[in-house]
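Below: the structure, in structure tokens.
The values are calculated or read from the model by the stated rules, or taken from the named source; none is laboratory data. Model, not experiment: these values are computed from the prediction. Here the Cβ positions follow ideal geometry from the backbone for every residue, glycine too, while neighbour counts run over all protein chains shown. Surface accessibility is based on the protein's heavy atoms, side chains included, excluding ligands, DNA and RNA. Shrake-Rupley method; radii C 1.70, N 1.55, O 1.52, S 1.80 Å.
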Amino acid sequence: GDLLVHLDLPGKMPLSVVGLNSAWLALDDTVDRRLEMATEQLQALEPILEGRTALLLMHHPPEWLSEEARGRFRETLYTPDRFLACLHGHMHKNRTETIAVSGGKPRCYLQGASLFGLEQFGTRNETRLRGYAWGELQPDKTIRLWPRKREVTGNDDAMFLHDLSFGAENPDGIPVCTWTGATSPRETIDCSP
């Protein structure tokens, strides 16, 4: 289901974590680009406190939403002044993407590989990447990641090693996005259709 959690740790910036259930209409494997978001889901998430950094969690990437739902997602939910990043999975690959459209503020998407799940899928029995990423939110509101993927060595030992698709490993992590969102109170957004 949907969730809203506020974390207030001593000496740390306040953080809100918002979970949006993108899988509530995923009844079979043919849902690509057909998922929906109910307006009620958006309205329920509105009470995020001012002055808090927030992360948005979803199972599916936004591209799996229907065209209409993707428009609502960009226009009323994942606005650059509201969330530091949108974290999602489902695609079994570590990946980050920052998009700024027509000179607007950037939106950051962090896609995580699956740590658990089916190892093969599809009619061709394709192998899925297994892995994870851990990250750190720094005081300047930059997210740094340490992405890992499962590798099997020549002697059949499995290990989680740095995901080289992110370039060379950095002991300080890889900076993937910095929030450029609002610093002043934002306007209330009407989420009705």
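General observations
- Count of segment 54-87 residues which are under 22 Å from residue 175 (Cβ atoms) and either modelled with pLDDT under 85 or open to solvent by less than 20 Å² (accessible area, probe 1.4 Å) (or both): 11
- The criterion of being within 16 Å of the chain's Cα centre (by Cα) and at pLDDT 80 or above does not hold for residue 7.
- Number of the condition not met by residue 185 [criteria: (1) open to solvent by 80 Å² or more (accessible area, probe 1.4 Å); (2) at pLDDT 90 or above]: (2)
- For the condition in contact (Cβ under 8 Å) with a residue 60 or more places away in the chain and open to solvent by 60 Å² or more (accessible area, probe 1.4 Å), residue 95 qualifies.
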